[in-house]
């Protein structure tokens, strides 16, 4: 009777002891393991996170049983890391939004200089020089470049064939095509930004690069030509013309989200969608129910060559306070290894790595990859906002263009204020450092 | 003998003062954990914000002391004043429409003899739906390509309003959604107050020949004044803190038509990399809320029932 009474207590004690012993045994085996933390979001789609977890992390852990990679999913990895770094913490691998962020983080002394590792892993030989140089600061390598991307026009090829429409080769042709579409109650360009106003900068990137030209726009970014020059005004007026005529989502881009806009394109209510190459992975995961293709936005001005605004969609660095910098360097080297870069390429993500073998690629991914490479070879690349524009000017540009479209401010005021924001950036030394 | 008495008296007084001191300390002792928490989570961040507002901190570099430059910039910032204007519009809407609506419905529900709980629960229901969820649902309803407008167009209505796309009405469209959630909460507060009114006064008014409107206006409404004043004060303070619906549904757009101080502060802090400047906006918000509390405090001192 007495034994029965004490049985639950004994059982609980046993469980507690066994629990303790098992945990102590596991902790002893974990003791030798090195843990490296990495933050990531799903902006590249769930496919990207799956790739990160299953291919990159599992592949690395299989090769290095003594290293464990802890992936933390967060909507703003850079923001979270920034807060933690200010308090002396932060993850080992710092996922950055791009070269501008990398420069800021380096200036704040948050990043470990990577020159020693760059030499060890021969990174300079692996990367495209233009991409590799964007993440250097005062001659030191501060990060590794992430995927590069550009803005293209996705279009419903079935709809184009049925209506006898051709891919436009000039601004006039583009306008004419848009008019034909609008006359048929078809939205020419699906576009929404109510949930992500920064998307407005995609249109701004296209407008400036295609009207002023890549070289001309570079002069604006270096401060040689002011943002409120007549050429820049022409860019905004041309963009404004498309918007006010309803060609960009029937003048309702401010009222719908990015996903809503994608739905309009997928449902055939819109004929085209101007977006980044990151959309390729989304369309690969859930393909549109029609034949589709991509084309480069035509030049918006006679005498200006059409170009692809180029951007680096991210960068990775190492936390200066990391307790395991060697292992972290090994991990980021693996992240961007040829093997992983090729897997990412299959999904439509382009790491700026030399000699990637593009085998059995989806035709759309292949075409976009070829377009990009061709443009890079022929120097036909422009400057996308999220990589090359200084922070205050960039934020002002995308957050206020709607006011121009809606007639709340005029083009001159918009550009004058944009110039003021640029001057502020210039004063703070935040202009992009072009490396000729 | 007399000196002994003096000593005894002194000892008694010391003991009494010690006892009084201990008595006075006991409430503070019980309050100390809460006070400590308040100091930690309210006073600490407030002081931190005040200090940050005097710097040019960009969220990453070492902050540099710039005195009152942020406040000077704030006073000449048209975006801040545009947002402040929207906050006042927001306040004007919320201090009238949902309160009047809740008052009328609460009065009607209070007269329901059977199934009152059903009405109370139904009207309160939007309050328990997550803000983000209801904001997303309403954004779909307002969507010009798949929401309410497609139905209205099918029914033959033309020139339907662009609820979130038209700068002239976007703020009101969002306020309607927030109001849809808010009025049920107000109704429950007013209903509770209605249940506590003196019924004999109503009966006396009936005997005197007053009609229903007169009873409501002259008998019931004055008894609801403390509740209504409290609601008014909370609504005014909350109007400055409004953020969620605007952030989810319009993100301050179109243009800056729905920008509120809170959304502007968020953008300055996290998108424009100016947490120092954003701190000065936060303190401006706190000062505005403080002014409201101060005004209501004066009204209370002047004898207003609250």
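Peptide packing: for A:155-166, A:137-148, A:198-209, the average count of neighbouring Cβ atoms within 10 Å per residue gives the ranking A:198-209, A:137-148, A:155-166, highest mean first. Counting neighbouring Cβ atoms within 10 Å and putting the fewest first, the residues B:19, B:225, B:120, B:114 line up as B:114, B:19, B:225, B:120. Within the protein assembly as shown, antiparallel bridges make up roughly 60 percent of the DSSP beta bridges whose residues both belong there. In this simple spin-label model, placing a label point 7 Å from the Cα along the Cα-to-Cβ direction at both residue B:197 and residue A:219 gives a separation of 7.6 nm.
Taking the mean number of other Cβ atoms within 10 Å as a proxy for protection, how do you rank A:273-279, B:122-128, B:105-111, A:291-297 from highest to lowest? Provide the component values of the computation, followed by the final result.
Values: A:273-279: 22.1, B:122-128: 14.4, B:105-111: 17.0, A:291-297: 18.9.
Order by mean packing, descending: A:273-279, A:291-297, B:105-111, B:122-128.
Over all directions, average the projected area of the Cα convex hull of chain A and note it in nm². So the mean shadow area of the Cα hull is 26.9 nm². Separation of segment B:136-204 from segment A:241-272 is 27 Å, based on Cα centroids. Calculated mean residue ellipticity, 222 nm, chain A: -15000 deg cm²/dmol, from DSSP H runs (n ≥ 4) at -39500 (n - 2.57) each, averaged per residue and rounded to 500.
To the nearest 0.05, how large is the calculated FRET efficiency for residue A:63 and residue A:342 if R₀ is 22 Å and r is the Cβ-Cβ distance? Efficiency for this residue pair is about 0.85. Round to the nearest 0.05 the FRET efficiency obtained for residue B:221 and residue B:37 when R0 = 30 Å and r is the Cβ-Cβ distance. E(calc), rounded to 0.05, equals 0.15. The Cα center of segment A:35-88 and the Cα center of segment B:230-284 differ in position by 32 Å.
Return the inverse of the average 1/r over all pairs of distinct C-alpha atoms in segment A:153-216, which is the Kirkwood hydrodynamic radius, in Å to one decimal.
Details: mean 1/r = 0.0739 Å⁻¹.
About 13.5 Å for segment A:153-216.
Could you tell me the center-to-center distance, by alpha carbons, between segment B:1-26 and segment A:328-388 in angstrom? Taking the Cα centre of segment A:328-388 as reference, the centre of segment B:1-26 is 87 Å away. Compared with the direct C-alpha span, the chain from residue A:410 to residue A:76 gains 116.9 nm at full extension, assuming 0.36 nm per residue.
The angle separating the long axis of helix A:200-212 from the principal Cα axis of greatest extent in chain A is about 50 degrees.
Converting the Cα gyration tensor eigenvalues of segment A:88-182 into ellipsoid dimensions via √(5λ) gives semi-axes, longest first, of 45, 15, 12 Å. Between residue B:18 and residue B:148, the contour length at 0.36 nm per residue exceeds the Cα-Cα span by 39.6 nm. Within a 10 angstrom radius of the beta carbon, how do A:71, A:242, A:418 rank from fewest other beta carbons to most? In increasing order of surrounding Cβ atoms, one gets A:71, A:242, A:418. Each of A:367, B:15 has some number of other Cβ atoms within 10 Å of its Cβ, and from fewest to most they run B:15, A:367. Dividing the helix sum by the residues of chain B, where each DSSP H run of 4 or more adds -39500 (n - 2.57), gives a mean residue ellipticity at 222 nm of -22500 deg cm²/dmol.
Counts of other chain beta carbons within 10 angstrom of each beta carbon in peptide A:254-264 average 5. Shielding of peptide A:384-395 by partners, expressed as the average count of other chain Cβ atoms within 10 Å per residue Cβ, is 1.
With the biggest extent put first, the Cα atoms of segment A:215-270 measure 44, 20, 18 Å across the principal axes. Modelled spin labels at residue B:299 and residue B:117, positioned 7 Å past Cα toward Cβ, are 3.6 nm from each other. For residue B:96 and residue B:155, the FRET efficiency from 1/(1 + (r/R0)^6), where r spans their Cβ atoms and R0 equals 25 Å, is about 0.25.
Could you work out, residue by residue across B:163-170, how many beta carbons of other chains sit within 10 Å of that residue's beta carbon, and then give the average as an integer?
Values: counts 1, 5, 10, 5, 6, 1, 0, 2.
What the average comes to for B:163-170 is 4.
None of the figures in this text is laboratory data; all of them are computed from the coordinates on show. All values derive from a computational prediction rather than experimental measurement. All Cβ positions, even for glycine, are placed from backbone atoms using ideal geometry, and neighbour counts span all protein chains on display.
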